[in-house]
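**Q** What follows is a structure written as structure tokens; I'll ask about it next.
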Amino acid sequence: MHELSVMQEILTIASEHAQAHGARQICRLTLRVGELSGVCPDALRLAFAAAAGGTPTAAAELLIDSVPVRCWCAHCQREFAPSTSFYECPDCGQLSADVRQGWELEIAQLEIV
């Protein structure tokens, strides 16, 4: 479960940021996790429960916003949400290699006190 090491790094970054701003604790941690990130949100939640103890995030609420895959169709000149893993434009049927979102794995928001 690589999510544990991912979460440990997230908590390190969040704790360093909180400390740099003079905060005593982190109340809420919001992550953006793309469908293509290779990270399972449920496993991240379990990793958070295991790794947060003894850190400024021990009592924090973890929120995870899922980011869907969005592709760009060069032929139609528009974004679309693919319905399969082939990333086929629903209008013209052209395959797209231009993935505009869905790879994200980021700290979106940190609520500190």
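**Q** Expected output is a single nm value to one decimal: the length gained when fully extending between Asp65 and Gln77, i.e. 0.36 nm times separation in residues minus the C-alpha distance. What is it?
**A** Details: separation 12, 0.36 × 12 = 4.32 nm, distance 2.72 nm.
Full-extension gain reported as 1.6 nm.
**Q** For region 3-112, compute Rg over Rh where Rg is the Cα radius of gyration and Rh is the Kirkwood radius from the inverse mean 1/r over Cα pairs. Intermediate results must be reported in sequence, preceding the final value.
**A** On the way: Rg = 17.5 Å, Rh = 15.4 Å.
Reported Rg/Rh (Cα atoms, Kirkwood Rh): 1.14.
**Q** Rank these for me by crowding, Leu36, Leu31, Leu110, going from fewest to most other beta carbons within 10 Å.
**A** With the fewest neighbours first, Leu36, Leu31, Leu110 line up as Leu36, Leu110, Leu31.
**Q** Here's another thing I want to ask about it. Which FRET efficiency value, to the nearest 0.05, do you get for Ser85 and Arg24 by plugging their Cβ-Cβ distance into 1/(1 + (r/R0)^6) with R0 = 41 Å?
**A** Details: r = 45 Å, r/R0 = 1.10.
So the FRET efficiency works out to roughly 0.35.
**Q** Based only on other Cβ atoms within 10 Å, what is the fewest-to-most ordering of Trp103, Trp72? Working shown, then result.
**A** On the way: Trp103 13, Trp72 16.
Fewest-to-most Cβ neighbours within 10 Å comes out as Trp103, Trp72.
**Q** Fully extended, how many nm does the chain gain between Val99 and Thr12 (0.36 nm per residue separation, minus their Cα-Cα distance)? Mind showing how you got there, number by number?
**A** On the way: separation 87, 0.36 × 87 = 31.32 nm, distance 2.95 nm.
Length difference between fully extended and current span is 28.4 nm.
**Q** Now for a different question. In what sequence, highest mean first, do 86-97, 38-49 appear when ranked by Cβ atoms within 10 angstrom?
**A** Numbers: 86-97: 13.2, 38-49: 15.8.
Ranked from most to least packed, the peptides come out as 38-49, 86-97.
**Q** A further question follows. Using the basic label-point model (7 angstrom from Cα toward the beta carbon), what is the Cys92 to Leu36 distance in nanometres?
**A** Going by the 7 Å Cα→Cβ label model, 1.9 nm.
**Q** Using the number of other C-beta atoms within 10 angstrom as an exposure proxy, rank Thr84, Thr30, Thr12, Thr57 with the fewest first. List each step's numbers first, then the result.
**A** On the way: Thr84 6, Thr30 15, Thr12 12, Thr57 25.
Going from least to most buried by this count: Thr84, Thr12, Thr30, Thr57.
Just so you know, all these numbers are worked out from the coordinates, no wet-lab data involved. The structure displayed is predicted, hence computed values, not measured ones. When we count neighbours, we look across all protein chains shown, and the Cβ atoms used for this are built from the backbone with ideal geometry, even at glycine.
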